[in-house]
Structures are given as C-alpha cells and as structure tokens.
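Since the structure comes first, as structure tokens, the remarks are kept for the end.
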Amino acid sequence: MNGEPAAERCVNLRPGVILVAAALAVYGGLALTVDFPRAAIGIQSDEATYYMMGHSLAEDGDLTYRREDLTRVWKEFPSGPAGLFLKKGRDILEAGAMLRPPFIWMRTQPDPDPSRYFYGKSFAYPMFAAPFVRLVGTNGFLVLHALLLALVVWASYLFLLTRMNALLASAMTGAFIVASIVPVYFVWITPEFFNFSLGLLAYFCWLYKEVAPRDIPVRGTRWLFTPSGDIAAAALLGIATFSKITNALLFLPILAWLAWRRRWGVFLSAGAVFGLCAGGLFLANMAITGEWNYQGGYRRTFAFEFPFQTDKSVFEVGTLMGRDEALTDIIFDGRVFWKNLTHNLAYFFVGRYAGLAAYFFPAVFAALAFLSSPRQRPGWQWLVLGAGVLQMLFFIINTPYTWNGGGGSVGNRYFMSAYGIFLFLLPPLTRTWTAIILWVVGGLFTAQLVLNPFATSFHPGDYAKHGPLRWLPVERTLVNGLPINTDTAKVRVWFGDNKGGQHDPGFQIYFLDDNAYGREEDGSFWVNGESRAEFLVKTDRPMKRLVLNLSPGPLDTTVRASVDGRSQQVVVRDTQQISFTLPPGFWYQARAYVWVVSISSSTGFVPIFHGADKDTRFLGVRVKPMLVE
C-alpha cells in the first residue's frame, strides 16, 4: 500500500467524490437528455410490463390495467407493449397462517369484475421509479438508475478504500461497474439494475463496519457501526426479495454472521425487518390482486394483440404464463439432470453468451483473488462467497435451460442481483496492475456492449458474432434461450428432408453469426468469402453421420469444417463431399440432439463480376448439409 497509513487512506475521499460526480454527469446527463423511445428502438424483453406499471403508478396512482394504460404506450412506442404480462385478480374470502411456505392459506373466488386485469410482475421497481416518471416521464426510470449508480459508486469506493490506497480503490470501483455489462442494464426499464444496486448497498451496510477503522470514521458513516447498518441491509434485501424472490438467498449470510457472533438481538431485529419489508410487499400484492404470487394464477403474456386494443381483444388473446409450481419433472429429469448440471457449471463461467468470465470478469477476478490465500480471509468473506455460489447453483439447477434470463438477455441478467456482492470478496491489494487487469480483460469482452448499450440491448444476438467472445464455447443447454433466438430468420431454419427419393431426415440449423447466407431453394447455403460460419445442428433423434456437399464458385477454395471439435480440411476445386461420423451430441431437454458445426472458406468472389446480374454478395463456398441415420 506504498506505506500509506490506514487512517490517512480512509479519509482520502476526493477520488470517490470525483467518481460520483463523473457518474452523475455522464449517466445523469444521459438519463435527462436521451430521447429514450427512439434510442431504445423499441420495447424489449420484460420492459413493457414495468414501463406500464411505472406510468400507471405515476399518472393514475394504481396498478390496474385499463385502456388508457394501453393507449399511453403508443404515444412513445409504435410497436406497442410486446411482452406484456397481465393476470386476473381474485377476491379473498378467508385467510390464515400455516407452517409451510408461503405460510398463508387463502380461500378465494374469481374477481367479480371479469374485465379488470393487473400486471403480472413485481411492483417494487416501478414503485421507486414512479416519482421520477411523474417528474420527467419515461426518462424517470433512468434518473432512478443514475441516483442508484451514484450511491453504488460511493459505497464501493468507501469499502475498497479500507482495503487499498485511494488510487487503486477508485480504479477498482470504476472497473467493477464499467468493465462489466452493468452499463447495458442501466438503460433497461427492468429491475436488473435496481436489484444489483440493492444487493451491493445492502452488503455495504452490513460489512463496512467489519473493515473500516472506528477511530476515524468517514463523516456520515457512524450509523453503519451500530445495529442500524444490519437493519438497513435487512430492509434493502427485503425489498429486493419482493422484486425477485431468489434474492432472499442473499440475506442468509447476514443471519448466519449475526448468529455466529451471538448478536441475537440484532439477529431477531434484522430478521423481523426483512420479514416486514418482504412480507409487507407480498401482502400488499395480495390486497391488490388477491394472490401473493404476482407471477401465479391466471396470468398471460401478450405480444401482438392486447386486451382493450379493440372491442374484440379479450384476455384470452394472450398465452398462458402462470408460475405456481416448479417444473420438477423437467428440472430433475434423471436422464439429463447430471449432464445439464456439469455442463452448466462450466458454461456459467466461460459460456459465450452468458459466462461470468466475459460479462462479469471483475466478479471472477474477485473470487480468484479471495481464493489465492483462503486461510487469511475472514469468516464473513466466506459467507459472501457462499451466497454467490448459492445463487449460481439455484439458477442452474432450478432453471437449467434459461439460467441466463432467456433469449432477450445480454449476458446473464439473472446474475445481476448477486454481482454486486462479489465486490466484497476483494482482499487487501497493493499493486496497480490488478486494476489494469480488470479494465483490460473486462473491456476486451464488454467494451463493444457498454459503448452502445441501446443497440446491444435491442439486438442481443449480435455481440457474440465476432471478436473474442467467439473463443468461448456455446451454451448448448440454452439452445432455445440464446439471444440469437430474437432473430427468427436465423434460428430453426429447416434443412435436409430433400425430395427425389433421398429419404434423408430433416433437421434445424441455428446460425450463430452473419458469416452464412440464408437457405437456398435447393436446401443449401453459402458461406461468406474468407470467413468462418458457425451454427448449431439440432435433430429430434440420434444421427450417425453429417454429410457436407461442397461447391466452389469460380475460384478454388480451401474449406475447413469442424463438428464438435473434429476437423477436416480440403481444397475444393469442384463439387465434392466430406462426411463426419457424429459423436452422440448434446441431449437437449431429453428430446433433441445438438452439435456445434463450423465451416470456413479461404477465398471469395462477388457474382456480379462473374456474369451474374444482381448478386452482390461476397461468397465463399456453397454447402448442402445432409444427415444420415
């Protein structure tokens, strides 16, 4: 630490103040000035529900879906609220307590008003955003984010200042936020950034007293050395739990630490506050909708037509999406459970579309730094690591096919809630190069995402089509949940099943990049010139061989083909055929088989310069794939 005394380091607040000012200047300025509807291009993922809830609270003072709520969307988004979740309410006739979750039983009846609908998401995030939406409109969501970001930066800097010198603490704070996908979720009207902030701020309230000097406290932090810090952490995590129920796992380490330290009074107080905040919000949801589970009951999602859009637009135009029970028959299917688990453990860290190493590298760095000298780490840090691991295991076990958050996600949006707590795994550091590692490696993977977050968010399947992300393996457990699925022209493209008595089976191809053109009429496709196209082959049953019929243009080309790591290279001067004996393939959802295939062409040509009238594509080799059972 370059010989700098601890007390002196702890009062060097200027870099932190500068960081907060910079965050407010950049992101606060963005929040107030950006033309959000045009910059965002359109509504995506789960934004529609939170957008409408925020405006309904701000302008109507309620959470009831009405026609005016729907018409309000078209003022800013001509595409409408695609992805909207609504549910029908119920009237509570009787209720009581019980010993098993959710600890309350109810006897209900359908809402006597069949035309009254409620929003099928948590109202925690839009409730906090509503005052700002009331003041500045839709940009109010981003204003809330900017204020939360300022708090996160300040809390992160104060904590790290107790572990390292001021320059390194400021560099680490900036890297932890910017050298990750956090700035991408800053521009999402969803709870991801909100949950990230609550988790980090709660752990700061809990842990600051464990590392900060008590003799020279920073002004305004004395209360953190009292039980009030633990109570504040409990309250924040209670709100976060209502926002996303899995955030309750983040509260367990706090209770465990208080119990270990025999601080029973604070243990009971924190538990009570957590229960009051989380339980109170769930009770409020019951009072509004008649059910504690905002995702349960008679819930539907709407993409193209919405209730009250026309006189004939009824609730049944949506797709049923109620979540009252865990899909244990799918999650714990013994045929694929262990294979899913082992693959997901690897993909969770190094996956191309959702791996922590690419999208949350500072978290990986913090965990490795912590584990470099495990015997020197305090007990509370082990509890922090346990909370992070518990979150990871919960998602890859409970949602083995969507643990990244689904097809519209950038990176792993479900991990956002837990990401902030990894800051507290960082041990005392002295070397400036440690911060440089975070900036360089994190920036290598995320710079293109965070520098254009709106485009990244609206086209989540594009960012892994080139660059270092292509070095990482494709998460075959997430085939139907990969972000490429938002571009329907490139996924589930039908090949094989050729006419003419060939009797070859049909199959689907998922194109992972733009280095191949679409399906031709004869069931073939062109690989771009001087490019490598990568795609997934998916079938409904095992296959023995993959046959590739290769045809060059006017130029000879060297073709390299690979199937699950097995490669062949040939010089193609005329139409010729190569084949691969297929390995078993990944058994996806116990109903499909998936292989990763790549094909490259060393040369290319433009047809208009070789006699074609209009074809301006840069073509390499034509490929007609066939499977043999």
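The values are calculated or read from the model by the stated rules, or taken from the named source; none is laboratory data. Fair warning: this is a prediction, and the values are worked out from it, not measured in the lab. Heads up, the Cβs are rebuilt from the backbone with ideal geometry, glycines too, and the neighbour counts pull from every protein chain shown. SASA here: full protein model, heavy atoms, side chains in, ligands and nucleic acids out. Shrake-Rupley method; radii C 1.70, N 1.55, O 1.52, S 1.80 Å.
Results, tabulated for the structure shown:
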item	result
Boolean, PRO473 is surrounded by fewer than 17 Cβ atoms within 10 Å (Cβ to Cβ) and either at pLDDT 95 or above or not small (Gly, Ala, Ser) (or both)	yes
The stretch 301-320, subset modelled with pLDDT of 90 or more, open to solvent by less than 50 Å² (accessible area, probe 1.4 Å) and out of contact with any helix residue (DSSP H, G or I) (no Cβ under 6 Å at 6 or more places or on another chain), residue farthest from GLN109 (Cα to Cα)	PHE302
Residue ID - nearest to SER598 (Cα to Cα), chosen from residues in the stretch 495-515 that are of a type in the set (Asp, Glu) and surrounded by fewer than 16 Cβ atoms within 10 Å (Cβ to Cβ)	ASP514
LEU236, sole failed condition from (1) crowded, with 24+ Cβ neighbours inside 10 Å; (2) within 16 Å of the chain's Cα centre (by Cα)	(2)
Hey, VAL547 among the hydrophobic types (A, V, I, L, M, F, W, C), crowded, with 17+ Cβ neighbours inside 10 Å and touching a strand residue (DSSP E or B) at 6+ places or on another chain (Cβ under 6 Å) or not	no
Count of the stretch 449-475 residues which are in a helix (DSSP H, G or I) and more than 17 Å from the chain's Cα centre (by Cα)	3
Selection within the stretch 476-490 - more than 19 Å from GLY351 (Cα to Cα) and either in contact with a strand residue (DSSP E or B) (Cβ under 6 Å, 6 or more places away or on another chain) or among the aliphatic types (A, V, I, L, M) (or both)	ALA489, LYS490
Test: residue in the stretch 385-396 that is outside any helix (DSSP H, G or I) and open to solvent by less than 60 Å² (accessible area, probe 1.4 Å)	no
Residue in the stretch 337-344 that is loosely packed, with under 13 Cβ neighbours inside 10 Å and more than 18 Å from THR64 (Cα to Cα) present	yes
Filter result (over 30 Å from GLY467 (Cβ atoms) and hydroxyl-bearing (Ser, Thr, Tyr)) within the stretch 346-385	SER373
Matching entry among GLY518, GLY496, GLY553 (being on the phi > 0 side of the Ramachandran plot, of a type in the set (Gly, Ala, Ser) and in contact (Cβ under 8 Å) with a residue 12 or more places away in the chain)	GLY496
Residue that is at pLDDT 90 or above, over 22 Å from the mean Cα position of the chain (by Cα), surrounded by 15 or more Cβ atoms within 10 Å (Cβ to Cβ) and not β-branched (Val, Ile, Thr), where the choices are PHE128, PHE85, PHE118	PHE118
Selected residue [over 20 Å from ARG519 (Cβ atoms), open to solvent by 70 Å² or more (accessible area, probe 1.4 Å) and of a type in the set (Val, Ile, Thr)] from THR616, THR581, THR603, THR557	THR581
Any chance SER170 is in contact with a Pro (Cβ under 6 Å, 6 or more places away or on another chain), over 19 Å from LEU383 (Cα atoms) and among the small types (Gly, Ala, Ser)	yes
Tally, over the stretch 590-629, of residues that are in contact with a helix residue (DSSP H, G or I) (Cβ under 6 Å, 6 or more places away or on another chain) and farther than 18 Å from GLU520 by Cα	1
When residues of the stretch 407-444 are limited to those that are of a type in the set (Gly, Ala, Ser) and open to solvent by less than 10 Å² (accessible area, probe 1.4 Å), the one farthest from LEU167 (Cα to Cα)	SER409
Top-ranked residue in the stretch 570-596 [being part of a loop (DSSP other than H, G, I, E, B) and of a type in the set (Gly, Ala, Ser); ranked as nearest to PHE535 (Cα to Cα)]	GLY585
The listed residue being modelled with pLDDT of 95 or more, under 21 Å from PRO427 (Cβ atoms), assigned to a helix (DSSP H, G or I) and hydroxyl-bearing (Ser, Thr, Tyr), out of SER170, SER197, SER228, SER180	SER170
Given (1) touching a Lys or Arg at 6+ places or on another chain (Cβ under 6 Å); (2) surrounded by fewer than 16 Cβ atoms within 10 Å (Cβ to Cβ), index of the condition GLY518 fails	(1)
Residue within the stretch 326-335 that is over 24 Å from GLY407 (Cα atoms), touching a helix residue (DSSP H, G or I) at 6+ places or on another chain (Cβ under 9 Å), open to solvent by 70 Å² or more (accessible area, probe 1.4 Å) and not in a helix (DSSP H, G or I) present	no
